[in-house]
Amino acid sequence: MLNDPIQAGNLTLKNRLVMPPMATEKSAGGTVSDALVRYYAEMSQGGYLGLIVLEHCYVSPEGKASPNQVSVAEDACIEPLRRIADAVHRNGVPLIAQISHAGSAAPENLTGTRPIAPSEVMNANTLFSRIVRLSLPREMTQDDIDRLIARFADAAARIQKAGFDGVEVHSAHGYLLGQFYSPLTNRRTDQYTGGTLEGRTKLQTQIIEAVRETCGAGFLISLRWGACDYADGGAALDEVPAAARIFAGAGADLISISGNMCGYLRSGHSEQGWFAELSEAVKKSADVPVLLTGGITEKDAAEKLLAEGKADLIGVGRALLKNRKLPEAWMK
Ligand SMILES: Cc1cc2nc3c(=O)[nH]c(=O)nc-3n(C[C@H](O)[C@H](O)[C@H](O)COP(=O)(O)O)c2cc1C
């Protein structure tokens, strides 16, 4: 099954093996560097992957997560990004870029401004606070939210102009859109309220619709969705079917499953595909291809997850970094 082609939006992927987004810190203060172009050229070599998702790129300066995160916040990034798109396409692999805003996970000492978030609540991804010093965020106004939606749409337009096949909207791992999805960090009472699933999914829905409006039908829109917090009072498994239907209804062409406030790991779990219960729930409830990532290191395990109907596509992250010949070994 791993070798079977699959349709995602208007894009036909030649197989189901995906390189998920992995931040490299190889940009030069946000600008695409030679090292970054070489890295993606190397990862796509031989054309064995079905899809590559370029690491998280920030849509506006106050949403920056780390010093050498790639910028898609201004038009000057278009031509440099085109070098990556050309290098990967020359190897015959489709490429989308992940677009993100870190919200309360943006370190103030990096951005020079107080972070923004759905509510004045500290980030609930405890991993972040072990890596960087985070501040209490300011609650976003409706104006902030309107500007943010425009920022995502503008970033997607730049990525399209740079020759990419699509974008991935980052709503996972406790970054800004994940903060809206989690009842732990969303205490709002307006249309984005943390008290209802409709409120918690509203912003992602509006961003998907704005990107579609800007980039048109042929441009792939993936949603990286941290569908569960695995924490008391947080986003839960039983909400997945209804939320998946909302995201698919908004026009997401692909749903890429990961964790939210737990990050990309799941405490107490080491089985290959530790988020399989989430991707399976999406598959059963919404008519959209589902990508599962997390702990997958062996081809047989990947094939089994596909055969058991847990997902339509398989993401392999760290195992691919360790062994860059993995796609060739699995897919040849
Ligand atoms: C170094 C590193 C950087 C990562 N950067 C991102 C990122 O930019 N965006 C994202 O959504 N996930 C990111 N992730 C999570 C991966 O996409 C993936 O979900 C995670 O590595 C688990 O899959 P694996 O067990 O196959 O490695 C990153 C993971 C690692 C190890």
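Against the conditions (1) surrounded by fewer than 18 Cβ atoms within 10 Å (Cβ to Cβ); (2) farther than 30 Å from L2 by Cα; (3) touching a Ser or Thr at 6+ places or on another chain (Cβ under 9 Å), C77 satisfies every one except (1). Looking only at residues of the stretch 98-127 that are buried (at least 24 other Cβ atoms within 10 Å of the Cβ) and in a helix (DSSP H, G or I), we find that the one that is nearest to the ligand (Cβ to nearest atom) is A105.
From the list G218, G163, G195, G226, the one residue that fits, being touching a residue at least 12 places away in the same chain (Cβ under 8 Å) and within 24 Å of Y264 (Cα to Cα), is G226. Screening S267 against (1) within 16 Å of the ligand (Cβ to nearest atom); (2) touching a residue at least 24 places away in the same chain (Cβ under 8 Å); (3) surrounded by 15 or more Cβ atoms within 10 Å (Cβ to Cβ) leaves a single unmet condition, (3). Of the residues examined, L326 is one that is within 13 Å of the ligand (Cβ to nearest atom), free of Cβ contacts under 8 Å to residues at least 12 places away in the same chain and surrounded by fewer than 22 Cβ atoms within 10 Å (Cβ to Cβ). Restricted to the stretch 7-90, the set of strands (runs of 3 or more DSSP E) holding at least 2 residues that are within 13 Å of the ligand (Cβ to nearest atom) comprises 17-19, 51-58.
Summed over the stretch 274-284, the residues that are without any contact (Cβ under 8 Å) to a residue 40 or more places away in the chain and closer than 19 Å to E298 by Cα give a count of 3.
Read-outs throughout are calculated quantities, based only on the coordinates presented, and are distinct from any laboratory measurement. Since we're looking at a predicted model, the values are computed, not measured. Note that we place each Cβ from the backbone using ideal geometry, even for glycine, and neighbour counts take in every protein chain shown.
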